[in-house]
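Notes for the one structure printed next.
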Amino acid sequence: MIILGIETSCDETSASLIKAEKGGKKVELLTNVISSSLDLHAKTGGIIPEIAAREQVKFILPVIKNAIKNLKKPKEEIDAIAVTVGPGLIGSLLVGVETARTFAYAWDKPIIAVNHLFGHIYANWIKSDDKRDIEFPAIALIVSGGHTDLVLIKKHKETIWLGGTRDDAAGEAFDKTGRILGLPYPAGPLIEKLAEKTDVDIYNFPRPLHDSKDFDFSFSGLKTAVLREVEKKKKLNEKEISQICFALQNAIFDILIQKTFAAIEKYHAKSLLLGGGVAANQTLKKKFETEILNSKLAVKFFIPDKKLCTDNAAMIATAGFFNHELKNWKDVSANPELYFD
Ligand code: KG4
Ligand code: ZN
């Protein structure tokens, strides 16, 4: 079957086509078109919901048109439309959901309502150079700008939320620190680059909830710790900025790895899946790989291709395929507060 995916939960407008066979272990990516209003938000230091939604209204139809341009008869060839219904910004979600409902009505197709967070997890089921199959039970770590969650997946459609952040998400910690350091939004990719310029952690920022026995995270204290260091200095030079970036990454990644490994051991996970924008960070990837080698745990480690870590519609279409409940367009609505059940 062919699924058209639509994603507009934050600042991206994305449409994708995936091809999937019943009983297939992974799906094939046909197209994945992404238009971002990030450049506009870089100037303001964060996302302005009103601006994001206005841009999405402009881009949604051209993006869909581009994604389906190689289909001769889209109306006949597309079997279902998967759309992000939440969580996210209400104005942005509405653009995608109402567009999906309109196409579903006009083409007489079912809709699959997709939770954006499952989308980040399911980006791992898109075919890539990695030919290995994902085995259950799996532990998924979602690390994005809005979320940090640890999830146990017993099998498709059987998921247990283990814990998450009590305040800022991991990506948010990168972005807020970036603002303190005067870096453009979103700061994650630049902090990764700057951190590569040093390898000494002279700050040893706090690792909150390190010893708690749960799977919760807390990152809001990090920006305060960074602010305290920055305020001590009149002006930061390049070396000092790199050292702060390195220390920040170290603190965030230490906690992510420690809690994730505790979950892997507790639930005897056979696979570990990363997802979300922060998973695009190559240092995090290397740290997990090293940790798995050292731990001697027989866990298969998966990270989506870099461009599939950040928001995109291919992951939404894929989550839709594996968790599909086909709905009538009348029964689908946006839910900005949607979370794990
Ligand atoms: O998944 P995503 O595109 O959007 C949300 O659903 O939130 O994630 C965006 C987040 C931003 O906070 C951004 O700073 C962070 O992912 N990010 C990174 C990197 N690339 C993106 N953080 C650390 N290192 C990166 N290379
Ligand atoms: Zn996301």
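The values are calculated or read from the model by the stated rules, or taken from the named source; none is laboratory data. Not measured: the values here are computed from a predicted model. Neighbour counts run over all protein chains shown; Cβ positions are idealised from the backbone, glycine included. Calculation scope for accessible area: heavy atoms of the full protein, side chains included, ligands and nucleic acids excluded. Shrake-Rupley method; radii C 1.70, N 1.55, O 1.52, S 1.80 Å.
Things to note:
- Counting only alpha carbon atoms, the long axis of helix 282-295 and the longest principal axis of the chain meet at about 80°.
- Alpha-carbon gyration tensor eigenvalues x 5, square-rooted, for region 292-341, Å: 32, 14, 12
- Counting only heavy atoms of the protein chains and using a 1.4 Å probe, Met1 has close to 80 Å² of accessible surface.
- In straight-distance terms, cross-link reach from Lys58 covers every one of the aspartates and glutamates whose alpha-carbon lies under 16 Å from its own, apart from those fewer than eight places away in the same chain; here that gives Glu7, Asp11, Glu12, Asp39, Glu50, Glu98.
- Taking each of Lys127/Lys223; Lys154/Lys259; Lys193/Lys287; Lys22/Lys73 in turn, the alpha-carbon distance tops 27 angstrom for Lys127/Lys223.
- Rounded accessible area of Phe205 (nearest 10 Å², 1.4 Å probe): 10
- The three principal axes of the Cα atoms in the chain give end-to-end lengths of 62, 45, 33 Å, sorted in falling order.
- Of the trypsin sites (Lys or Arg not before Pro) found in region 206-251, the ones in coil according to DSSP and having at most 14 other Cβ atoms within 10 Å of their Cβ are Lys213, Lys233, Lys234, Lys235.
- Charge dipole of the chain (Cα centre as origin; +1 on each Lys and Arg Cβ, -1 on each Asp and Glu Cβ, all else neutral): 500 debye, rounded to the nearest 20.
- Charge dipole of the chain about the Cα centre (unit charges at C-beta), most positive-ward option of Leu297, Val97, Gly86: Leu297
- Principal-axis tilt of helix 170-181 within the chain, Cα atoms, nearest 10 degrees: 50
- Accessible surface for Trp107 stands near 40 Å², nearest 10, in the context of the full protein assembly shown (1.4 Å probe).
- For region 80-203, a simple Cβ point-charge model (Lys and Arg +1, Asp and Glu -1, everything else neutral) yields a dipole of about 360 debye relative to the Cα centre.
- Taking each of Lys176/Lys307; Lys65/Lys330; Lys131/Lys306 in turn, the alpha-carbon distance tops 20 angstrom for Lys176/Lys307; Lys65/Lys330.
- Top positive-direction residue, dipole computed over region 218-341 with Cβ charges, set Ala263, Pro336, Met315: Ala263
- Taking a straight Cα-Cα cut-off under 19 Å and skipping sequence neighbours fewer than 8 places away in the same chain, the aspartates and glutamates within cross-link reach of Lys239 are Glu192, Glu196, Asp199, Asp201, Glu229, Glu231.
- Basic side chains Lys and Arg get +1 at the Cβ, acidic Asp and Glu get -1 at the Cβ, and with that the dipole of region 190-341 about its Cα centre reaches some 360 debye.
- Helical mean residue ellipticity (222 nm; -39500 (n - 2.57) per DSSP H run of 4+; nearest 500) of the chain: -13500 deg cm²/dmol
- For region 247-330, the gyration tensor built on C-alpha atoms gives a prolate shape. Its axis ratio a/c (a ≥ b ≥ c) is at least 1.5, and a/b is the larger of a/b and b/c.
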